[in-house]
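Asks: My questions will all concern the structure given below.
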Amino acid sequence: MNRKVQLSDETSSQNNTVDKRNRGKIIQVVYIIAALDITWMFLQFSITPYLAKKLGFDTLWFGYLQTMVGFCQLFGGPLFGRFGDLFGARTALSVACSSSVVFFLLLAAANHPAMLFIHKLPTLLMHIIPTSQMVVTDLSEPEKRADALSKLGLCFGVGMIAGSTLGGHLNTRYGEKITACVGAAGSFFSLLLVLKFIPKNTKVHASTATANAGSDKKTSIFSVDQITRLMKFPGVARTFIVKIAVSLPSGIFQVMFSIIALEFFKLQPEENGYLMAFFGIVQMVIQGGVIGRMTARFSESSLLLLSVGVSALVGLGQANMQTVFHLCLTIIPMMFSLSMFNVITDSMLTKSVPSSDTGTMLGLCSSVQSLLRTVGPTIGGFLYVNFGLPSIGTVQFVMNVAVFTYLLRRHLKNTDEQKE
């Protein structure tokens with residue numbers, strides 16, 4: 001009997017060792033899946049505007065189309081995050097990739113304005129990036145979590161460049177339908193990667209998560225209480241409010257960028273493509289070579305303070321820029337502040353909740369971006385039309401200065417308490 005128990009313990013120990021050895025491999029596969037997802041997303045960006053124009057959409061209706069996506073992902077993000085916590089990484093990523101396949105097939109079949117709206121419905125479940133963040137969070141050590149999450153930003157830069165280039169080339173040569181079919185095939189390949197390499201559950205306490213899933217499957221996914229209860233953990237509500245306050249003004253500039261590039265800077269499509277490629281390269285360098293080194297040397301509270309301070313200076317620069325050269329000067333600090341802020345806040349929030357709830361927390365984080373895509377065009381359009389481009393930068397400067405002052409006071413207070 002004792003011999004059997006000993007063998008069982010040895011087997012369990014060996015399995016845990018194998019799991020640890022496989023963590024790096026699984027994370028690398030997740031990075032590939034994330035890069036592919038971003039590639040297909042930017043490939044889609046080269047299809048939808050031209051197809052919408054062919055189907056008779058004006059700027060107003062195209063705005064409605066984008067708002068619909070924002071609403072779908074705003075409500076779908078937290079629910080899908082909870083789904084990932086309960087049913088595991090493989091199931092969640094499989095559903096997300098399958099939804100992406102359906103999304104592109106409906107886009108390829110879209111020959112009527114109504115079909116263009118219908119093809120956006122699968123975005124309710126297309127949450128590959130938050131689910132990828134959940135897997136990386138589950139498999140990375142807490143002290144290395146920010147660095148591991150920052151590598152997903154590197155995947156974003158790769159996907160931005162590859163998707164924009166591939167989408168433009170395919171759309172020009174073969175048209176929207178073939179390009180959409182390529183997106184569907186690519187999403188199906190991502191699904192195969194998930195089924196082949198991603199384990200059923202990546203939680204450290206898999207047995208606990210499974211037990212919770214068994215008892216809560218019927219109610220927890222759609223339970224608002226189960227999702228909002230995370231705000232009651234120490235520091236979560238405060239960090240989440242800071243995340244919204246800082247993300248809103250910078251998000252307004254991002255969602256208005258296409259209009260700003262067209263109307264204010266008078267950029268041609270080719271020039272805009274070069275600028276987007278520059279965005280992608282800058283983000284790759286920052287995410288791949290800067291953030292990881294800084295998170296290893298400085299505390300998260302200090303880096304959060306730094307990112308908000310730089311964001312305030314970026315807003316001041318945007319309020320005074322007049323030329324494309326001025327815009328390029330603001331891009332590097334803007335990408336640094338955005339990347340650092342998102343990585344640090346996501347890391348802080350996932351560390352503040354139990355490992356069984358990291359998916360739900362990341363789903364809530366992704367809903368912030370969806371909220372910005374929903375309300376950003378309205379607020380940004382009002383500011384741009386009535387007060388001009390400087391107003392957007394001024395709002396960002398003022399809000400970030402206020403948040404910076406608040407965070408600095410807390411930082412100094414905590415430092416004094418530690419000295420005492």
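Asks: Suppose accessible area is computed on protein heavy atoms with a 1.4 Å probe; arrange Arg409, Arg229, Arg90, Arg173 from highest to lowest. Display every interim value, and only then the final one.
Replies: On the way: Arg409 180, Arg229 65, Arg90 85, Arg173 160 Å².
The ranking, largest first, comes out as Arg409, Arg173, Arg90, Arg229.
Asks: Heavy-atom accessible area per residue, region 89-200, 1.4 Å probe: how many Å²?
Replies: In whole numbers, region 89-200 has 41 Å² accessible per residue.
Asks: Taking R0 as 51 Å, what's the FRET efficiency between Asn22 and Asn111 from their Cβ-Cβ distance, rounded to 0.05?
Replies: Efficiency for this residue pair is about 0.65.
Asks: While we're looking at this one, here's another question. Using a simple spin-label model with points 7 Å from Cα along the Cα→Cβ vector, what separation in nm is obtained for His169 and Ser301?
Replies: 5.0
Asks: Give a residue-ordered list of calculated ³J(HN,Hα) values for region 378-383 (Karplus: 6.51 cos²θ - 1.76 cosθ + 1.60, θ = phi - 60°; whole Hz; x for Gly, Pro).
Replies: 5, 5, x, x, 4, 5
Asks: Rounded to the nearest 20 debye, what is the charge dipole size of the chain about its Cα centre when +1 sits on each Lys and Arg Cβ and -1 on each Asp and Glu Cβ?
Replies: Its charge dipole is roughly 700 debye.
Asks: Here is a follow-up. Set the Förster distance to 30 Å, then compute FRET efficiency between Ala245 and Phe197 from the Cβ-Cβ distance, nearest 0.05.
Replies: Working from the Cβ atoms, E equals 0.20.
Asks: Let me ask something else about it. With all protein chains present, how much of the accessible area of the chain (probe radius 1.4 Å) comes from carbon and sulfur, to the nearest whole percent?
Replies: Numbers: 13150 of 20370 Å².
That share works out to 65 percent.
Asks: How long are the semi-axes of the equivalent ellipsoid of region 224-419, taking √(5λ) for every eigenvalue λ of the Cα gyration tensor, in whole Å from largest down?
Replies: Result for region 224-419: semi-axes of 30, 19, 17 Å.
Asks: Using Cα-Cα distances under 8 Å and only pairs 6 or more residues apart, what relative contact order does region 224-419 have, in percent?
Replies: Answer for region 224-419 is 40 percent.
Asks: Using every Cα-Cα pair within the chain, state what percent have a distance larger than 31 Å. Please report the intermediate quantities before stating the final value.
Replies: Values: 35535 of 87990 pairs.
Taking all Cα-Cα pairs of the chain, the fraction more than 31 Å apart is 40 percent.
Asks: Which order do peptides 376-384, 80-88 fall in by mean Cβ count within 10 Å, highest first?
Replies: In descending order of packing, they fall as 80-88, 376-384.
Asks: Note down the relative contact order for the chain as a percent, whole number, built from C-alpha pairs under 8 angstrom at least six residues apart.
Replies: So the answer I get is 27 percent.
Asks: Report the FRET efficiency, 1/(1 + (r/R0)^6), for Cys328 and Trp61, where r is their Cβ-Cβ distance and R0 is 35 Å, rounded to 0.05. All intermediate terms of the calculation are to be shown ahead of the outcome.
Replies: Numbers: r = 33 Å, r/R0 = 0.93.
Plugging the Cβ-Cβ distance into 1/(1 + (r/R0)^6) gives 0.60.
Asks: What net charge is computed for the residues neighbouring Ser100, neighbours being all others with C-beta under 15 Å from the C-beta of Ser100, Lys and Arg scored +1, Asp and Glu -1? All intermediate terms of the calculation are to be shown ahead of the outcome.
Replies: Details: positive: Lys120; negative: Asp37.
Summing Lys and Arg as +1 and Asp and Glu as -1 gives 0.
Asks: Here is a further query. With θ set to phi - 60°, apply the Karplus curve 6.51 cos²θ - 1.76 cosθ + 1.60 along region 30-36 and write out the HN-Hα couplings as whole Hz, x wherever there is a Gly or Pro.
Replies: 4, 4, 5, 4, 5, 4, 5
Asks: Under a point spin-label approximation (7 Å from Cα along Cα-to-Cβ), what is the Glu263-Ile281 distance to one decimal in nm?
Replies: A separation of 3.0 nm, rounded to one decimal place.
The values are calculated or read from the model by the stated rules, or taken from the named source; none is laboratory data. Computed from a predicted structure; not experimentally measured. When we count neighbours, we look across all protein chains shown, and the Cβ atoms used for this are built from the backbone with ideal geometry, even at glycine. Surface accessibility is based on the protein's heavy atoms, side chains included, excluding ligands, DNA and RNA. Shrake-Rupley method; radii C 1.70, N 1.55, O 1.52, S 1.80 Å.
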